[in-house]
Structures are given as structure tokens and as C-alpha cells.
Amino acid sequence: MFVRRSSRVAPALLAIALAACGGDPDGAGAGGAGGGGIPEDTFCPDPDDPRVHYQSQDPNACIGGTLDCTSEQNGFQNACGCGCIDKGDPLCPTPTDPNILWIGYDAAACGEGIPSCALGDTPFNNSCGCGCIQH
């Protein structure tokens, strides 16, 4: 049995988890629809997402273990395996928001630095991507 550090899951966390899974609640991207082995209705975090950290992709290896998630992560255990998903911003700006000057939509591609923005604009670099909020 895995121990969670938080027993409450807010709707925003579900949105984050779905985003981390590539928005595929059916798990088809991880072998769901005809992929063999994993039922179609199983939530499978995308192992290629930089916010997803599998402890094991073998659900049998997860039995009886303890997840080592930080306070900045949420744990998961299902038919896909077990691990931790980094918490992120619960609501990301829409890509078409006219007040956002997007530099990148992929947090991994943005790197860790803060972007250079025009005077008066607010730079951001988080799980949503990176860019400038124009004021």
C-alpha cells in the first residue's frame, strides 16, 4: 500500500494530472485502446512528460511500497505503475490570451531561466511554459 502525503485531491489537481497525461483520460496513449494489457478506462500519466516521475511502470512492483513524493508532488498508483507528478500551476493562461506574449508552451524547452520582458511586463517560467504577461 502506498502512503499519500495529502488525502485531498482538488479539481485543479485533476486538471494538472490530465495535462501531465497529455489530456488522455482513457489511457489510449499508454496502451489503452487495443494497446494490450492496460484497461481503456485507466488513467496513465505520460512517462515522457517532464513532470511525471515513475517509480515503476510495473504495477506488481508497486505493491506494498511507499511513494517518495515531495510536498511539491502528488502520488499515483494504478494499472500503469506508480510514482509522483509535480504539482504545477492549477490554471495556465490560454494560448490565445492577448495579454500573454508566449515564448514557449513547453516547460522543458523553456529551461530554468526567467525570460527577458519589456519594461512593465511580468516574466513567467513555470509548468505552463514561459513568456511575458503584458500590463
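H53: net charge of surrounding residues, Cβ under 13 Å, Lys/Arg +1, Asp/Glu -1, itself excluded?
Net of charged neighbours comes to -4.
Give me, ordered by chain and number, the residues 5 or more places off D46 or on other chains with an amide H under 5 Å from its own placed amide H.
C21, G22
Assuming 0.36 nm per residue, please report the length gained on full extension of the stretch C117 to A79 beyond their Cα-Cα distance.
Value of the extension gain: 9.3 nm.
How large is ³J(HN,Hα) for each residue in segment 56-61, as worked out from phi by the Karplus curve 6.51 cos²θ - 1.76 cosθ + 1.60 (θ = phi - 60°), to whole Hz, x for Gly and Pro?
Couplings: 7, 9, 9, x, 5, 6 Hz.
Residue by residue through segment 112-124, which ³J(HN,Hα) values in whole Hz follow from phi under the Karplus form 6.51 cos²θ - 1.76 cosθ + 1.60 (θ = phi - 60°), with glycine and proline marked x?
Here the 3J(HN,Hα) series is 10, x, 8, x, 8, 10, 5, 3, x, 8, 9, x, 9 Hz.
Quick one: which residues, 5+ away or cross-chain, put their amide H under 5 Å from the amide H of I103? H built at 1.01 Å from N.
Residues meeting the amide H criterion: C130, G131, C132.
In µm²/s, what is D for segment 43-135 at 10 °C and 1.306 mPa s, where D = kT/(6 pi eta Rh) by Stokes-Einstein and Rh is the Kirkwood radius from Cα pairs?
The diffusion coefficient I find is 106 µm²/s.
Every read-out reported here was derived from the displayed coordinates using simple, explicitly stated rules and does not represent laboratory data. This is a predicted model, so every value here is computed, not measured. Note: ideal-geometry Cβ built from the backbone for every residue, glycine included; neighbour counts use all protein chains shown.
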